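Student: Got a structure for you, questions after.
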Amino acid sequence: MDSGVPAGASSSASAKEYLPLRMTIRELEQTAPGVWKITPAGGSAFFLREDYLSSLSARQLEEARLSPSPSELSESQSGDLLSAALCYAAEQLAMASLARSEQCRRSLASKLCRKGLADRDIQAALDYLEGAGCLDDRRFAGAWLRSRSIHHAEGRLRLGAELAARGIDRDDAEDALDEFFSEHDEYELCRKALAKVWKGDQDKAVRSLMRKGFTMAQIRAAMAGEDGLPA
(Lines give C-alpha, C1' and ligand atoms only; values in the text may rest on other atoms or scores of the structure.)
Protein backbone atom coordinates (compact mmCIF):
# COMPACT_ATOMS: atom_id res chain seq x y z
CA MET A 1 0.00 0.00 0.00
CA ASP A 2 1.38 3.43 -0.91
CA SER A 3 1.77 5.47 2.26
CA GLY A 4 2.20 8.67 0.28
CA VAL A 5 5.49 9.45 2.04
CA PRO A 6 8.21 10.83 -0.23
CA ALA A 7 10.68 8.17 -1.41
CA GLY A 8 13.43 7.63 1.13
CA ALA A 9 11.68 9.63 3.81
CA SER A 10 11.36 6.66 6.13
CA SER A 11 15.12 6.50 6.64
CA SER A 12 15.46 9.95 8.19
CA ALA A 13 14.48 11.53 11.47
CA SER A 14 14.55 15.02 9.98
CA ALA A 15 11.51 16.41 8.21
CA LYS A 16 13.52 19.27 6.73
CA GLU A 17 15.29 16.95 4.30
CA TYR A 18 12.15 16.18 2.32
CA LEU A 19 10.03 19.35 2.23
CA PRO A 20 10.70 23.03 1.65
CA LEU A 21 11.23 25.02 4.83
CA ARG A 22 7.82 26.56 4.25
CA MET A 23 5.33 24.27 2.52
CA THR A 24 2.26 25.45 0.68
CA ILE A 25 -0.71 23.09 0.85
CA ARG A 26 -2.60 22.88 -2.42
CA GLU A 27 -5.21 20.33 -1.33
CA LEU A 28 -6.32 18.51 1.83
CA GLU A 29 -8.69 15.58 2.05
CA GLN A 30 -9.81 13.65 5.11
CA THR A 31 -9.78 10.04 3.89
CA ALA A 32 -10.77 8.37 7.20
CA PRO A 33 -11.44 9.51 10.76
CA GLY A 34 -8.26 11.25 11.84
CA VAL A 35 -6.40 10.50 8.58
CA TRP A 36 -5.56 13.18 6.03
CA LYS A 37 -4.21 13.21 2.50
CA ILE A 38 -1.98 16.24 2.01
CA THR A 39 -1.13 17.50 -1.48
CA PRO A 40 1.58 20.20 -1.38
CA ALA A 41 2.01 22.77 -4.13
CA GLY A 42 5.22 20.99 -5.09
CA GLY A 43 5.90 17.31 -4.58
CA SER A 44 3.86 14.17 -4.10
CA ALA A 45 0.79 13.77 -1.91
CA PHE A 46 1.25 12.01 1.41
CA PHE A 47 -0.90 10.76 4.28
CA LEU A 48 -0.81 11.35 8.02
CA ARG A 49 -2.79 10.75 11.17
CA GLU A 50 -3.64 13.88 13.13
CA ASP A 51 -2.75 12.13 16.41
CA TYR A 52 0.92 12.41 15.41
CA LEU A 53 0.83 16.19 14.95
CA SER A 54 2.34 18.41 17.61
CA SER A 55 2.19 22.04 16.38
CA LEU A 56 -0.86 21.68 14.15
CA SER A 57 -4.39 20.69 15.16
CA ALA A 58 -7.26 19.00 13.38
CA ARG A 59 -9.10 22.33 13.46
CA GLN A 60 -6.25 24.06 11.62
CA LEU A 61 -6.23 21.33 8.99
CA GLU A 62 -9.96 21.71 8.52
CA GLU A 63 -9.57 25.47 8.16
CA ALA A 64 -6.85 24.96 5.56
CA ARG A 65 -9.08 22.50 3.71
CA LEU A 66 -11.89 25.05 3.54
CA SER A 67 -9.64 27.93 2.57
CA PRO A 68 -10.29 29.16 -1.01
CA SER A 69 -6.55 29.73 -1.55
CA PRO A 70 -3.48 27.55 -0.92
CA SER A 71 -2.32 27.66 2.70
CA GLU A 72 1.33 28.46 3.39
CA LEU A 73 2.71 26.88 6.53
CA SER A 74 5.57 27.93 8.76
CA GLU A 75 8.81 25.99 8.88
CA SER A 76 7.82 24.23 12.11
CA GLN A 77 4.35 23.39 10.77
CA SER A 78 5.84 21.99 7.56
CA GLY A 79 8.19 19.83 9.58
CA ASP A 80 5.32 18.73 11.80
CA LEU A 81 3.36 17.49 8.79
CA LEU A 82 6.17 15.32 7.48
CA SER A 83 7.01 14.02 10.95
CA ALA A 84 3.38 12.91 11.29
CA ALA A 85 3.54 11.35 7.82
CA LEU A 86 6.60 9.30 8.79
CA CYS A 87 4.83 8.07 11.92
CA TYR A 88 1.82 7.11 9.83
CA ALA A 89 4.05 5.23 7.39
CA ALA A 90 5.48 3.29 10.36
CA GLU A 91 1.94 2.58 11.56
CA GLN A 92 0.89 1.18 8.20
CA LEU A 93 3.90 -1.13 8.03
CA ALA A 94 3.25 -2.27 11.59
CA MET A 95 -0.38 -2.99 10.79
CA ALA A 96 0.67 -5.10 7.80
CA SER A 97 2.71 -7.31 10.17
CA LEU A 98 -0.06 -7.44 12.76
CA ALA A 99 -2.53 -8.51 10.09
CA ARG A 100 -0.42 -11.63 9.53
CA SER A 101 0.05 -12.59 13.19
CA GLU A 102 0.21 -11.31 16.77
CA GLN A 103 3.42 -9.39 17.42
CA CYS A 104 5.20 -8.20 20.54
CA ARG A 105 6.32 -4.58 20.67
CA ARG A 106 10.07 -5.30 20.75
CA SER A 107 9.98 -7.63 17.76
CA LEU A 108 7.78 -5.30 15.76
CA ALA A 109 10.03 -2.32 16.52
CA SER A 110 13.04 -4.31 15.32
CA LYS A 111 11.28 -5.22 12.07
CA LEU A 112 10.41 -1.59 11.38
CA CYS A 113 13.94 -0.46 12.24
CA ARG A 114 15.33 -2.90 9.66
CA LYS A 115 13.11 -1.21 7.08
CA GLY A 116 14.96 2.05 7.70
CA LEU A 117 12.40 3.83 9.84
CA ALA A 118 13.58 6.18 12.59
CA ASP A 119 13.11 5.02 16.17
CA ARG A 120 11.17 8.16 17.08
CA ASP A 121 8.60 7.48 14.36
CA ILE A 122 8.43 3.79 15.24
CA GLN A 123 7.79 4.41 18.94
CA ALA A 124 5.09 7.01 18.23
CA ALA A 125 3.32 4.59 15.88
CA LEU A 126 3.54 1.69 18.34
CA ASP A 127 2.24 3.89 21.16
CA TYR A 128 -0.78 4.71 19.01
CA LEU A 129 -1.38 1.06 18.10
CA GLU A 130 -1.16 0.02 21.74
CA GLY A 131 -3.67 2.68 22.67
CA ALA A 132 -5.97 1.47 19.90
CA GLY A 133 -5.71 -2.13 21.13
CA CYS A 134 -4.07 -3.35 17.92
CA LEU A 135 -0.77 -4.15 19.65
CA ASP A 136 -0.86 -5.92 23.01
CA ASP A 137 2.12 -7.70 24.59
CA ARG A 138 -0.15 -9.48 27.06
CA ARG A 139 -2.25 -10.88 24.21
CA PHE A 140 0.88 -11.80 22.27
CA ALA A 141 2.27 -13.66 25.29
CA GLY A 142 -0.88 -15.75 25.59
CA ALA A 143 -0.89 -16.59 21.89
CA TRP A 144 2.82 -17.44 21.98
CA LEU A 145 2.38 -19.79 24.96
CA ARG A 146 -0.48 -21.64 23.28
CA SER A 147 1.49 -22.02 20.06
CA ARG A 148 4.65 -23.09 21.90
CA SER A 149 2.81 -25.78 23.84
CA ILE A 150 1.82 -27.59 20.63
CA HIS A 151 5.32 -28.96 20.14
CA HIS A 152 7.04 -28.33 23.49
CA ALA A 153 6.40 -29.46 27.07
CA GLU A 154 8.10 -26.84 29.26
CA GLY A 155 7.83 -25.46 32.76
CA ARG A 156 7.00 -21.98 33.96
CA LEU A 157 10.65 -21.01 34.54
CA ARG A 158 11.68 -21.72 30.93
CA LEU A 159 8.55 -20.16 29.45
CA GLY A 160 8.96 -17.06 31.60
CA ALA A 161 12.56 -16.70 30.44
CA GLU A 162 11.49 -17.07 26.81
CA LEU A 163 8.89 -14.32 27.20
CA ALA A 164 11.42 -12.05 28.90
CA ALA A 165 13.83 -12.62 26.00
CA ARG A 166 11.10 -11.33 23.70
CA GLY A 167 10.78 -8.14 25.69
CA ILE A 168 7.52 -8.97 27.44
CA ASP A 169 6.96 -6.94 30.61
CA ARG A 170 7.14 -9.04 33.78
CA ASP A 171 3.55 -8.30 34.80
CA ASP A 172 2.23 -9.14 31.32
CA ALA A 173 4.27 -12.34 31.30
CA GLU A 174 3.05 -13.39 34.75
CA ASP A 175 -0.57 -12.78 33.79
CA ALA A 176 -0.18 -14.83 30.61
CA LEU A 177 1.59 -17.64 32.47
CA ASP A 178 -1.07 -17.71 35.18
CA GLU A 179 -3.76 -18.10 32.56
CA PHE A 180 -1.79 -20.73 30.63
CA PHE A 181 -1.12 -22.87 33.70
CA SER A 182 -4.71 -22.59 34.82
CA GLU A 183 -5.47 -24.63 31.69
CA HIS A 184 -2.34 -26.84 31.61
CA ASP A 185 -1.20 -28.93 34.57
CA GLU A 186 2.53 -28.38 35.05
CA TYR A 187 3.04 -31.85 36.53
CA GLU A 188 1.48 -33.40 33.43
CA LEU A 189 3.72 -31.30 31.22
CA CYS A 190 6.74 -32.45 33.21
CA ARG A 191 5.62 -36.08 32.91
CA LYS A 192 5.27 -35.69 29.12
CA ALA A 193 8.67 -34.04 28.89
CA LEU A 194 10.19 -36.87 30.93
CA ALA A 195 8.81 -39.44 28.53
CA LYS A 196 10.48 -37.61 25.64
CA VAL A 197 13.92 -37.11 27.21
CA TRP A 198 14.25 -40.43 29.04
CA LYS A 199 17.21 -42.48 27.70
CA GLY A 200 17.75 -44.68 30.73
CA ASP A 201 19.98 -42.18 32.55
CA GLN A 202 18.17 -40.51 35.44
CA ASP A 203 20.78 -37.77 36.03
CA LYS A 204 20.72 -36.72 32.38
CA ALA A 205 16.93 -36.72 32.41
CA VAL A 206 16.90 -34.47 35.48
CA ARG A 207 19.32 -32.00 33.86
CA SER A 208 17.27 -31.96 30.67
CA LEU A 209 14.02 -31.31 32.55
CA MET A 210 15.64 -28.52 34.55
CA ARG A 211 16.71 -26.88 31.30
CA LYS A 212 13.09 -27.11 30.22
CA GLY A 213 12.09 -25.02 33.22
CA PHE A 214 10.73 -27.60 35.64
CA THR A 215 11.58 -27.51 39.34
CA MET A 216 13.20 -30.38 41.21
CA ALA A 217 9.95 -30.91 43.11
CA GLN A 218 8.05 -31.30 39.84
CA ILE A 219 10.72 -33.58 38.39
CA ARG A 220 10.71 -35.84 41.47
CA ALA A 221 6.92 -35.97 41.38
CA ALA A 222 6.95 -36.92 37.69
CA MET A 223 9.56 -39.61 38.27
CA ALA A 224 7.65 -40.99 41.25
CA GLY A 225 4.30 -40.91 39.48
CA GLU A 226 1.96 -43.84 39.08
CA ASP A 227 3.75 -45.06 36.00
CA GLY A 228 7.19 -44.55 37.47
CA LEU A 229 10.11 -43.88 35.13
CA PRO A 230 9.58 -44.57 31.42
CA ALA A 231 10.62 -48.03 30.30
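The values are calculated or read from the model by the stated rules, or taken from the named source; none is laboratory data. Please read all numbers here as calculations on a predicted model, not as lab measurements. Heads up, the Cβs are rebuilt from the backbone with ideal geometry, glycines too, and the neighbour counts pull from every protein chain shown. These area figures cover heavy atoms from the full protein model, side chains too; ligands, DNA and RNA do not enter into them. Shrake-Rupley method; radii C 1.70, N 1.55, O 1.52, S 1.80 Å.
Student: Using the eigenvalues of the Cα gyration tensor, what equivalent ellipsoid semi-axes result for region 188-231 when each is taken as the square root of five times the eigenvalue, whole Å, largest first? Intermediate results must be reported in sequence, preceding the final value.
Tutor: On the way: eigenvalues 34, 29, 15 Å².
Square roots of five times the eigenvalues give 13, 12, 9 Å.
Student: Measuring from label point to label point, each 7 Å out along Cα→Cβ, what is the Ala45 to Asp175 span in nm?
Tutor: 4.1 nm
Student: For the chain, what does the helix formula give at 222 nm: sum of -39500 (n - 2.57) over DSSP H segments with n ≥ 4, over the residue count, nearest 500 deg cm²/dmol?
Tutor: Rounded to the nearest 500, it is -17500 deg cm²/dmol.
Student: Moving on to the next point. Between Ser76 and Met216, what is the label-to-label distance in nm when each label sits 7 Å out along the Cα-to-Cβ direction?
Tutor: A separation of 6.4 nm, rounded to one decimal place.
Student: Counting only protein heavy atoms, what percent of the accessible surface of the chain is carbon or sulfur at a 1.4 Å probe? Spell out each step's value before the answer.
Tutor: Details: 6010 of 12350 Å².
About 49 percent, which is the carbon plus sulfur part of the accessible surface.
Student: So how far, in whole Å, is the C-alpha centre of region 161-205 from the one of region 113-159?
Tutor: Answer, in whole Å: 19.
Student: Under 18 Å Cα to Cα from Lys115, which aspartates and glutamates show up? Leave out anything in the same chain fewer than 8 places away.
Tutor: Asp2, Glu91
Student: Rounded to the nearest 0.05, what FRET efficiency do Leu98 and Leu229 have when you use their Cβ-Cβ distance and R0 = 45 Å? Could the numbers behind the result be given before it?
Tutor: On the way: r = 45 Å, r/R0 = 1.01.
That pair, Leu98 with Leu229, gives E of 0.50.
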